1. Just a yes or no: is a residue in region B:109-124 within 14 Å of chain A (Cβ to nearest Cβ), touching a residue at least 24 places away in the same chain (Cβ under 8 Å) and more than 22 Å from B:Ala41 (Cβ to Cβ)?
2. Is one or more of the residues making up region A:65-79 basic (Lys, Arg), surrounded by 17 or more Cβ atoms within 10 Å (Cβ to Cβ) and either out of contact with any Leu (no Cβ under 7 Å at 6 or more places or on another chain) or at pLDDT 90 or above (or both)?
3. Can you tell me which of (1) within 14 Å of another protein chain (Cβ to nearest Cβ); (2) more than 19 Å from B:Gly33 (Cα to Cα); (3) of a type in the set (Phe, Trp, Tyr) is the one B:Phe99 doesn't meet?
4. Within region B:154-172, track down each residue that is at the interface with chain A (Cβ under 7 Å from one of its Cβ atoms) and either crowded, with 20+ Cβ neighbours inside 10 Å or within 20 Å of B:Phe42 (Cα to Cα) (or both).
5. Taking the criterion of being within 15 Å of B:Ser55 (Cα to Cα), in a helix (DSSP H, G or I), out of contact with any Pro (no Cβ under 8 Å at 6 or more places or on another chain) and in contact (Cβ under 8 Å) with a residue 60 or more places away in the chain, would at least one residue in region B:86-103 satisfy it?
6. For residues in region A:80-139 being of a type outside the set (Ser, Thr, Tyr) and not in a helix (DSSP H, G or I), which is farthest from the other protein chains (Cβ to nearest Cβ)?
7. Restricting attention to region A:179-187, does a residue exist that is without any contact (Cβ under 8 Å) to a residue 60 or more places away in the chain, in contact with a strand residue (DSSP E or B) (Cβ under 6 Å, 6 or more places away or on another chain), in a helix (DSSP H, G or I) and more than 14 Å from every other protein chain (Cβ to nearest Cβ)?
8. Determine which single condition B:Leu128 fails, assuming it passes every other condition in (1) surrounded by fewer than 21 Cβ atoms within 10 Å (Cβ to Cβ); (2) without any contact (Cβ under 8 Å) to a residue 40 or more places away in the chain; (3) over 17 Å from the mean Cα position of the chain (by Cα); (4) within 14 Å of chain A (Cβ to nearest Cβ).
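The values are calculated or read from the model by the stated rules, or taken from the named source; none is laboratory data. Since the structure is predicted, the reported quantities are computational estimates derived from the model, not experimental observations. Note: ideal-geometry Cβ built from the backbone for every residue, glycine included; neighbour counts use all protein chains shown.
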Amino acid sequence: MSNSRQAKPALYSQTLLAGLWRENPTLRLLLGMCPTLAVTAAVKPALTMGCCVIFVLVCSNIIVSLMRDLLKPHVRILMFTLTIATFVTIADLILKAFQPEMSETLGPYVPLIIVNCIIICRAEACASKNGLVISIIDAVGMGVGFTLTLCVLASIRELLATGAVFEIQVLPLARDGGWFVQWAAMGMPVGAFITLGLMLGLVNIVTGKKT
Amino acid sequence: MDTLNILLMGFISVVLINNLVFTKFLGICPYLGVSGRIDMAFGMGMAVTFVVTLSGTLTWMIDHWVLMKLGLEVTRYVCFILVIAGAVQLVEMYMRKFFPSLYDSFGIFLPLITTNCAILGLCLFLTLWGIESLLDAAVRSFGAGIGFTMAICIMAGIRENLNLADVPACLQGAPITLITAGLLSLAFMGFAGMIR
């Protein structure tokens, strides 16, 4: 007993760190690509999206973890989806009430969190097998890992598309007498696909992964 | 004539201009996963087309004839996902009973379609675009499926040839697929001016 209690803090920090890098949902597991590509034209929507995902992930992991003994194998996925759909509705209503402009920008991508593979994957792989504390830590780790990836991708795209990061002008624009010419393509779907592709390539170099 | 024109415009716009994969980033996961071989890609595309037509039409009917009448728009997402899961289950049961060979060739793809964002995405876009008639909704749903099939088949064709190319080690697999998709979406941007 004492042995397992000693191991707990190490297990917690390991679970937390796994989501940030070793099992980073976007970069290493290639989950949740649709929102990653769609909302990263600028940092602000990316950050909002990340916060929504963290909220839904934590709440659904809590509920799934609490009802894990009641789950029947054949209706499992349906139960997960319904739980997630409920929390996404809550997140969407909160966003509509307090951030109406942002809700407009994100459009259907907030309700699309329901079918985000990250959340179903975590419910299936972690919350339906583990206790409450581990599930919450896992959700926070995964959510933060997802948000960080989103923000990095969005900063690269926003910087190259408008010369600004978080709507603060960083590079002097050519039309205002500076030297930077905007890359309109970076704000379009092309930029999203190619930047993410190159980022994944970079991650493969860093980790030395051979495919 | 006028109705036909609207329907045709809607179809072309959802296949080429608002292609779900290239401009709305929906259905990227199966797009990366099964676009390795062209026959599997076509099978996946057909399954998605079938489910998206069915669920797009059904959700439009539920949304307009039940939820909006009763003022229950809050429960929209829960209803949509239930309808989609139900439609997928129905298709699966029907195919296992009447077309066992087709069922075997689809295999794991069918249940996976439930979590395909292209399906739910399209149902939400139908609401967002403010589609007024049932026929228009059905045609657009069908068009979305065709657009997805087209995108995934083009990609599978390119990837079969890509196997022979000398890709840098770090870019093999998903990265090169994403970069190819980027170039494809650049090509599809050319359609943007077709309909005002």
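1. yes
2. So the first thing to find is which residues in region A:65-79 are basic (Lys, Arg), and the list is A:68, A:72, A:76.
Still in the running and surrounded by 17 or more Cβ atoms within 10 Å (Cβ to Cβ): A:68.
Then drop every residue that is not either out of contact with any Leu (no Cβ under 7 Å at 6 or more places or on another chain) or at pLDDT 90 or above (or both), which leaves A:68.
Checking region A:65-79: at least one residue is basic (Lys, Arg), surrounded by 17 or more Cβ atoms within 10 Å (Cβ to Cβ) and either out of contact with any Leu (no Cβ under 7 Å at 6 or more places or on another chain) or at pLDDT 90 or above (or both).
3. (1)
4. Residues satisfying the conditions are B:Cys170, B:Leu171.
5. no
6. Going residue by residue through region A:80-139, those that are of a type outside the set (Ser, Thr, Tyr) are A:80, A:82, A:84-85, A:87-88, A:90-102, A:104, A:106-108, A:110-127, A:129-134, A:136-139.
Okay, now just the ones that are also not in a helix (DSSP H, G or I), so A:99, A:110, A:116, A:129-131.
Working: A:Gln99: 18, A:Val110: 9, A:Asn116: 8, A:Lys129: 20, A:Asn130: 22, A:Gly131: 26 Å.
Looking at residues that are of a type outside the set (Ser, Thr, Tyr) and not in a helix (DSSP H, G or I), I get A:Gly131.
7. Taking region A:179-187 and keeping what is without any contact (Cβ under 8 Å) to a residue 60 or more places away in the chain, we get A:179-186.
Still in the running and in contact with a strand residue (DSSP E or B) (Cβ under 6 Å, 6 or more places away or on another chain): A:180.
After this cut, where a residue has to be in a helix (DSSP H, G or I) as well, the list is none.
No, that holds for no residue.
8. (3)
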